[in-house]
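So the structure is just underneath, and the comments pick up after that.
The values are calculated or read from the model by the stated rules, or taken from the named source; none is laboratory data. Computed from a predicted structure; not experimentally measured. When we count neighbours, we look across all protein chains shown, and the Cβ atoms used for this are built from the backbone with ideal geometry, even at glycine.
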Amino acid sequence: MSDKPCLGPIAGATVLAPDFDATIAAYDRYLGYRAIATGRIEVEAAGAWGTPAMTGRRFAVTRPASGDATWIRFVEGPRVPGYKAMTTHGWHSMEIVITDVEATPGHLQGSPFVHIGGPKEVGTSGFIRAAQFEGPCNEVLYLTRILKDPSRPYLPTAKSFIDRIFIMVLGSRSMTAARDFYTTHFDTKPNVDRPAVIGFFNRANDLPEDTPMQICTVVLDGQCLIEIDNYPSVARERPRDPGALPPGVGMVSFAVDSLAKVKLPFIAPPRPIHGAPYDGRRVGTCLGSSGEYIELIES
């Protein structure tokens with residue numbers, strides 16, 4: 001047994017929603033994500049995150065039609081001036097496994113989800129095909145169809161048209177530093193890095209359409225991964241309101257087998273938190289090498 005904590009699966013992602021009610025309705029209607037719990041952020045959770053301004057804000061925990069336990073939590077919060085998707089360091093995208101990628105542009109036409117890329121093949125295996133959309137909270141969604149591939153047992157297949165998050169995508173200050181962070185502090189497995197042309201990133205940053213970027217993935221437990229994008233110098237630090245989580249995808253939550261094994265500084269001492277989505281489990285929050293918020297939930 002490793003002395004490092006096992007990281008994964010991805011428990012969920014927290015997204016700040018400027019138009020809270022409309023966002024919940026859009027995810028329900030177009031993506032099949034149903035609210036399973038609602039309420040207000042309590043002081044225990046805001047304290048664990050080190051974000052006192054989050055206390056009392058409305059939240060909704062949503063889950064896909066498949067019934068998978070992985071959630072997206074929306075928390076009400078104002079728009080942050082100067083924030084634009086795909087231009088700052090931190091978590092920027094949720095990759096969700098689906099059954100039919102070709103149907104997504106038509107399905108989401110006229111919705112608050114703006115089509116920004118694909119569908120097209122990912123890599124050269126022929127097993128993965130994805131389309132990308134920007135959601136109402138300046139969050140980016142990769143909607144990805146995966147065929148069964150015996151050589152990649154760490155990849156899931158969808159059980160509903162739009163199913164669960166299986167990859168969280170990080171815009172890093174340094175891909176090497178971010179990969180080392182997750183492999184040094186957690187029992188994870190890195191994959192080989194490769195160049196990729198991410199057209200919607202280039203367009204967001206006024207770069208030539210064919211500008212390449214190095215990316216890599218880190219394999220977690222539970223058929224989940226982290227993709228690390230090596231953001232170029234045009235990227236900047238993400239603006240945020242004082243005492244609040246960052247806008248867009250503000251935080252990612254992971255299951256860990258033991259918080260006692262974690263050798264990182266926590267924002268606040270780990271504590272049990274009651275109510276959804278924690279149900280009394282102990283929670284600790286730390287920061288990654290690119291300033292990303294990482295919430296660890298003891299399984």
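What are the residues in the stretch 228-250 that are crowded, with 19+ Cβ neighbours inside 10 Å, hydrophobic (A, V, I, L, M, F, W, C) and in a loop (DSSP other than H, G, I, E, B), if any? Show your work before the answer.
Within the stretch 228-250, the subset crowded, with 19+ Cβ neighbours inside 10 Å is 228-231, 235, 238, 240, 244-250.
Checking the rest, the ones that are also hydrophobic (A, V, I, L, M, F, W, C) come to 228, 235, 244-245, 249.
Within the stretch 228-250, 235, 244, 245 qualify.
For the condition assigned to a strand (DSSP E or B) and either at pLDDT 95 or above or crowded, with 16+ Cβ neighbours inside 10 Å (or both), what is the one hit in 95, 102? Give the steps one after another, and end with the answer.
On the way: 102 fails: assigned to a strand (DSSP E or B).
Only one candidate qualifies: 95.
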query: Any residue at all in the stretch 159-182 that is more than 30 Å from residue 265 (Cβ to Cβ), surrounded by fewer than 17 Cβ atoms within 10 Å (Cβ to Cβ) and touching a residue at least 40 places away in the same chain (Cβ under 8 Å)?
result: yes
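Could we say that residue 119 is under 29 Å from residue 294 (Cβ atoms) and either touching a residue at least 60 places away in the same chain (Cβ under 8 Å) or part of a strand (DSSP E or B) (or both) here? I'd like the intermediate steps shown before the answer.
Values: under 29 Å from residue 294 (Cβ atoms): no; either touching a residue at least 60 places away in the same chain (Cβ under 8 Å) or part of a strand (DSSP E or B) (or both): yes.
Answer is no for this residue.
Does residue 14 satisfy the criteria of being in contact (Cβ under 8 Å) with a residue 40 or more places away in the chain, in a strand (DSSP E or B), among the polar types (S, T, N, Q) and crowded, with 20+ Cβ neighbours inside 10 Å? Can you show your working first?
Details: in contact (Cβ under 8 Å) with a residue 40 or more places away in the chain: yes; in a strand (DSSP E or B): yes; among the polar types (S, T, N, Q): yes; crowded, with 20+ Cβ neighbours inside 10 Å: yes.
Yes: the conditions hold for residue 14.
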statement: In the stretch 251-290, residues that are at pLDDT below 95 and either surrounded by 21 or more Cβ atoms within 10 Å (Cβ to Cβ) or on the phi > 0 side of the Ramachandran plot (or both) total 2
query: Of these, 3, 21, which one is more than 15 Å from residue 251 (Cα to Cα), of a type in the set (Asp, Glu) and assigned to a helix (DSSP H, G or I)?
result: 21
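From the list 69, 53, which residue is assigned to a helix (DSSP H, G or I) and either touching a Lys or Arg at 6+ places or on another chain (Cβ under 8 Å) or among the hydrophobic types (A, V, I, L, M, F, W, C) (or both)? Walk me through it before giving the result.
Values: 69 fails: assigned to a helix (DSSP H, G or I).
After applying the criteria, what remains is 53.
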message: Could you tell me how many of the residues in the stretch 251-282 are touching a residue at least 40 places away in the same chain (Cβ under 8 Å), part of a strand (DSSP E or B) and in contact with a Leu (Cβ under 7 Å, 6 or more places away or on another chain)?
response: 3
